[in-house]
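K.L.:
Before I ask anything, let me first share the structure, which is written out below as structure tokens.
The values are calculated or read from the model by the stated rules, or taken from the named source; none is laboratory data. Nothing here was measured: the structure is a model prediction, and the numbers come from that model. Positions of Cβ are generated from backbone atoms using ideal geometry, with glycine treated the same way; all protein chains shown enter the neighbour counts. Surface accessibility is based on the protein's heavy atoms, side chains included, excluding ligands, DNA and RNA. Shrake-Rupley method; radii C 1.70, N 1.55, O 1.52, S 1.80 Å.
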Amino acid sequence: MITKTRISRVLARRVWDSRGRPTVEAEVELQGGARGRAIVPAGASKGSREALELRDGGAAFGGLDVLTAVGHVNGEIATAVLGLDAADQARLDDCLIALDGTPSKQRLGANATLAVSMAAAHAAAAAAGLPLYRYLGGDDARLLPLPQIQIFGGGAHAGRRVDIQDFMVICPGASCFAQALEWTAEVYRHAGRLMDARGALAGVADEGGWWPSFDSNEEALETLVAAIEAAGFVPGTQVAIALDIAASDFGRGGRYTLGLDQRVLDSDGLIELLLRWCERYPIVSIEDPLAEDDPEGFARFTQAVGHRLQVVGDDFLVSDAALLRRAAAAGAANTVLLKPNQRGTLSETRQCWQAAQALGYAAIVSARSGETEDTTIVDLAIGWQVGQLKVGSFARGERMAKWNAALRIEQRLGPHARFAGTGVLGRSRPGLRR
Ligand code: 2PG
Ligand code: MG
């Protein structure tokens, strides 16, 4: 029997990401003629327990070519998924997981499996005649996410010019998604003007945030508050601060080296410093405050501020439901970042979101620092009703493609659209919330 959502063709190719590095694009075609296409992103500050991003090694493109992963899609994967029903995402993803046969996609590569997993979802949505967010979430898919938008880049995304990776804003006072972007645009513009005025304007970092020409990590925070005020907003109530410390990048074994501040801190020293920043600046969310190998530090930090701050696990949890359960048992973090390429299939990423909901954790769908024009994560954030979205700054096409995609959805939903306010922020200890 011919079913219009059965997979009839899979095709992959090498395309290029926002850092000019190779990445995998896949197309999936169904028997009824519908097609879907998706491109996989790539991180720079990665958790060690992420699923494997398969790179070729060798001399070309710094060893980062993906022709082996592309070959896996066009060969083994295409053969295995041919005839499967793209509308049955769980079965398709189970097939990819079983075909790979390792715990973290070490054989085929998560960049190979995720490209197919996402392209199949797009194809199934096209066959249903629906935008992907509607296909995933039905009539309930109308919650526009609270965006976290980077103003200054840092860490691994800016040649370690400052230690902290993301200096971002959240707009608790905005009444809709479009207004959150309008406010962020003004803050971003004023931040650029402040940098220019002090002769420190030096382009942008990997995710489009202004290049962090600062003498200390804290100077970036001061400048961010000054930019919020210069744009005419009340820091904290209208526009607040979110940070990604990405502490795994400068800390190991409980020793944290802040190169810019020329300080080496232990876990408690770093916690103390962050707590001081939280008192001094209008910070509402902190990601990876401690390193991935410091779960005790993570738990101590969460116990200290988790009742009033969002404490996010990225490298620490790598979108993994099992790691999230373990963290919850230890009282570490209250929010999980969801990055599909940390796992390699949509279903595993969604399982982590489901685990988060069961545990009373909040979640944020997130892009990677190496991105493309692919906007699948916007559909995931809205279709799965996650409530928060992080895609980098307010510049560069690969970032704006995602903000603009969400704007289109908000307009299309019209009066049915709801905007996630700060109620979606994870802010109490696991188990105590909801
Ligand atoms: C992060 C992301 C995005 P990367 O750490 O949250 O900012 O960076 O993709 O390099 O891991
Ligand atoms: Mg992070």
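K.L.:
Those residues that are within 16 Å of ligand 1 (Cβ to nearest atom), among the hydrophobic types (A, V, I, L, M, F, W, C) and outside any helix (DSSP H, G or I), I need them from the stretch 375-421; list them, please.
P.N.:
Val386, Leu389, Val391, Phe394, Ala395, listed by residue number.
K.L.:
For Gln150, work out the one condition from (1) in a strand (DSSP E or B); (2) farther than 26 Å from Pro212 by Cα it doesn't fulfil.
P.N.:
(2)
K.L.:
I need every pair where a residue in the stretch 3-22 that is within 11 Å of Ala34 (Cα to Cα) has its Cβ under 6 Å from the Cβ of a residue that is assigned to a strand (DSSP E or B) and charged (D, E, K, R), sequence separation at least 6 or different chains.
P.N.:
Listed by first residue and then by second, the contacts come to Thr5/Asp85; Arg6/Asp85; Ser8/Glu29; Arg9/Glu29.
K.L.:
Tell me which of these Gly360 doesn't satisfy, since it passes every other one: (1) open to solvent by 10 Å² or more (accessible area, probe 1.4 Å); (2) more than 30 Å from Ala191 (Cβ to Cβ); (3) more than 16 Å from ligand 1 (Cβ to nearest atom).
P.N.:
Here Gly360 clears every test but (1).
K.L.:
Here's another thing I want to ask about it. Would you mind listing the strands (runs of 3 or more DSSP E) fully within the stretch 239-285 where at least 1 residues are surrounded by fewer than 22 Cβ atoms within 10 Å (Cβ to Cβ)?
P.N.:
Details: elements: 240-244, 255-258, 263-266.
Answer list for the stretch 239-285: 255-258, 263-266.
K.L.:
Can you tell me how many residues within the stretch 164-180 are open to solvent by less than 10 Å² (accessible area, probe 1.4 Å) and outside any loop (DSSP other than H, G, I, E, B)?
P.N.:
Count: 7.
K.L.:
Among the residues of the stretch 290-314, which ones are surrounded by 19 or more Cβ atoms within 10 Å (Cβ to Cβ) and more than 17 Å from Gly254 (Cβ to Cβ)?
P.N.:
Val305, Gly306, Leu309, Gln310, Val311, Val312, Gly313, Asp314
K.L.:
Right, next: Looking at the stretch 271-283, can you tell me whether even one residue there is within 16 Å of ligand 2 (Cβ to nearest atom) and on the phi < 0 side of the Ramachandran plot?
P.N.:
Initial filter on the stretch 271-283 (within 16 Å of ligand 2 (Cβ to nearest atom)): 274, 283.
Next cut, on the phi < 0 side of the Ramachandran plot only: 274, 283.
The answer is yes, given that some residue of the stretch 271-283 is within 16 Å of ligand 2 (Cβ to nearest atom) and on the phi < 0 side of the Ramachandran plot.
K.L.:
A follow-up question, please. Can you tell me which of Arg161, Arg193, Arg198 is within 20 Å of Asp215 (Cα to Cα), crowded, with 17+ Cβ neighbours inside 10 Å and of a type in the set (D, E, K, R)?
P.N.:
Details: Arg193 fails: crowded, with 17+ Cβ neighbours inside 10 Å; Arg198 fails: crowded, with 17+ Cβ neighbours inside 10 Å.
After ruling out the rest, the residue left standing is Arg161.
K.L.:
Hey, another quick one. From the list Thr349, Thr375, exactly one residue is in contact with a Lys or Arg (Cβ under 6 Å, 6 or more places away or on another chain), at pLDDT 95 or above and more than 16 Å from ligand 2 (Cβ to nearest atom). Which is it?
P.N.:
Numbers: Thr349 fails: more than 16 Å from ligand 2 (Cβ to nearest atom).
Just one listed residue meets the conditions, Thr375.
K.L.:
How about the stretch 341-368: which of its residues are free of Cβ contacts under 8 Å to residues at least 60 places away in the same chain and in a helix (DSSP H, G or I)?
P.N.:
Once the filter is applied, which keeps residues that are free of Cβ contacts under 8 Å to residues at least 60 places away in the same chain and in a helix (DSSP H, G or I), the stretch 341-368 yields Thr349, Arg350, Gln351, Cys352, Trp353, Gln354, Ala355, Ala356, Gln357, Ala358.
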